[in-house]
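The structure under discussion appears below in the form of structure tokens.
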Amino acid sequence: MSYETIATGIEDGVMTLTLNRPDRLNAFTRVMMDEMIAAFDVSDTDDAVRAVIVTGAGRGFCAGVDLDDENAFTSARVDPKATDPAVWDAESNRDMGGVLTLRMFNSLKPIIAAVNGPAVGIGATMQLPMDIRLASDNARFGFVFARRGIVPEAASAWFLPRLVGMSQALEWSYSGRVFGAEEARAGGLVRSVHAPDDLLPAAHAIAREIADNAAPVSVALTRQMMWRMAGEAHPMRAHQIDSRAIAARSSSADASEGVASFLEKRPAAFPDTVSADLPGFYPWWSEPGWHSGGGS
């Protein structure tokens, strides 16, 4: 599939999604949003993809919204006093960063950010629903919204405090200052900091560890269990779901292979696929009476 603003490639079970507007420091546009969502649709439906790495072309990761994109701010034309939830559920009225991050929230494959340079505004917030974030030592981050007279977007008020804690999230968001990779690591935003030439190899090493050793259906369920349980009020909800998942997966071909490969001291060859073998109760949050807190 060809794209205007991103590039993708799949090799050895790993999709690399590259933001590809290097002349604009990969500034975000509505076309980029649409193309990233399309790429995640591909990764979810292609059983050859076991993990996704997101990075940027050139010297930047993403410099925020492209202010020259006339389609970037359609929600500004909606009356903010509108109280009907249906108004704000309509995708045409939603912040486009949030449309993207909620799509990533629903991903069935792990997402790894390899932040190769400046990442501010949506460049910072789009990373939050990614599962593992690595940065080069020349990466810089900024939740700069208060300095632009607006507020954090992309559902970051939900994601960021869960990742770094409330105090750190508020400090970065109140000040709007840009900070370096080491501060991002110390604050819990990124896992590790690497020399520029080592960044993608480090991200690929993590992706390979997942792709080579873990059952894809187990990974897909684990991802959704972890992220969705973060919004529940009581651990009983997690207990209910992991009980159902254990019951469903214990009789699977993957479980038989996992035990056999362990006993035989050989690599596992898991036969089940995400496209065909997710348990019948998935997606459980769509069941009547289940409080999902959104996530569409």
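Okay, here's what the table says:
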quantity: Value of relative contact order over the chain, rounded to a whole percent, pairs C-alpha under 8 Å and six or more apart; calculated: 16
quantity: Nearest-0.05 FRET efficiency for Asp197 and Ile37, computed from C-beta distance (R0 22 Å); calculated: 0.10
quantity: Cα gyration tensor shape for region 86-195, rounded if a/c is under 1.5, else prolate or oblate; calculated: oblate
quantity: Helix-only [θ]222 nm of the chain, DSSP H runs n ≥ 4, -39500 (n - 2.57) each, per residue, nearest 500; calculated: -12500 deg cm²/dmol
quantity: Extended-chain gain in nm, criterion 0.36 nm per residue less alpha-carbon gap, Ala230 and Glu4; calculated: 77.8 nm
quantity: Relative contact order (percent, whole number), region 215-286, Cα cutoff 8 Å, 6+ residue spacing; calculated: 41
quantity: P(r) tail fraction, region 142-267 - alpha-carbon pairs more than 19 Å apart, %; calculated: 67
quantity: Peptides 156-166, 229-239 ordered by average Cβ neighbours within 10 Å, highest first; calculated: 156-166, 229-239
quantity: Region 100-106 - phi-based ³J(HN,Hα) in whole Hz, Karplus 6.51/-1.76/1.60, Gly and Pro as x; calculated: 5, 5, 6, 5, 5, 4, 7
quantity: Taking region 1-98 and dividing mean pair separation by its residue count, relative contact order in percent (alpha carbons under 8 Å, at least six apart); calculated: 29
quantity: At R0 = 41 Å, FRET efficiency that the Cβ-Cβ distance of Val151 and Ser275 yields, to 0.05; calculated: 0.60
quantity: Most to least packed among 279-290, 128-139 [average Cβ atoms within 10 Å]; calculated: 128-139, 279-290
quantity: Local electrostatic count at Gly176 - Lys and Arg +1, Asp and Glu -1, tallied over other residues with Cβ under 10 Å; calculated: +3
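The numbers here are math on the coordinates, done by the rules we state, and not lab data. Everything quoted here is computed from the prediction, not taken from an experiment. Positions of Cβ are backbone-derived with ideal geometry, glycine not excepted, and every protein chain shown enters the neighbour counts.
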